[in-house]
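First the structure, which I've put down as structure tokens, then a few questions once you've had a look.
The values are calculated or read from the model by the stated rules, or taken from the named source; none is laboratory data. Every value quoted in this text rests on a predicted model; they were computed, and no experiment measured them. All Cβ positions, even for glycine, are placed from backbone atoms using ideal geometry, and neighbour counts span all protein chains on display. Surface areas here come from the heavy atoms of the whole protein model, side chains and all, with no ligands, DNA or RNA. Shrake-Rupley method; radii C 1.70, N 1.55, O 1.52, S 1.80 Å.
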Amino acid sequence: MELGYSPNGEAFVARYEPGDMVLLHRSEPGDLAQGQVGDWGKVVAVGAGGLLTIRIAGYALPKDAGLATLSDIPARRVRPCSPRGEALILPPRIPDGKLWGARIGRLPSR
């Protein structure tokens, strides 16, 4: 996955790639929707417009489940996750490589 950063340093996923693990945080809309909140798996393909194909059999569902993949899932409906389906917290950007946000001055001399 490729990360991007907002002006205030917050991380976001700019682009998913095959092999990334993702978790649905919004269900698919409509009467025939199959993907539900909490389903998770591995991105197997990224189509036009960033639509994802996600393999959930063997991850959120048993390997022999009737529903093996979710197709045409917009990236805005998923979040990155661990191989166990736990949501990941993306690291913020550290401005100019500084680890501390405050300046530490010298003590006044006597």
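Name the residues in region 1-20 that are closer than 16 Å to Gly47 by Cβ, exposed (fewer than 13 other Cβ atoms within 10 Å of the Cβ) and not charged (D, E, K, R), would you?
Selection gives Pro18, Gly19.
Another question about this same structure. Taking Asp39 as the residue in question, decide whether it is more than 16 Å from Gly19 (Cβ to Cβ), open to solvent by 40 Å² or more (accessible area, probe 1.4 Å) and either acidic (Asp, Glu) or touching a Cys at 6+ places or on another chain (Cβ under 6 Å) (or both).
In short, no.
Next question, about the same structure. Determine if region 23-33 includes at least one residue that is open to solvent by less than 40 Å² (accessible area, probe 1.4 Å) and at pLDDT 90 or above.
Yes: region 23-33 contains one or more residues that are open to solvent by less than 40 Å² (accessible area, probe 1.4 Å) and at pLDDT 90 or above.
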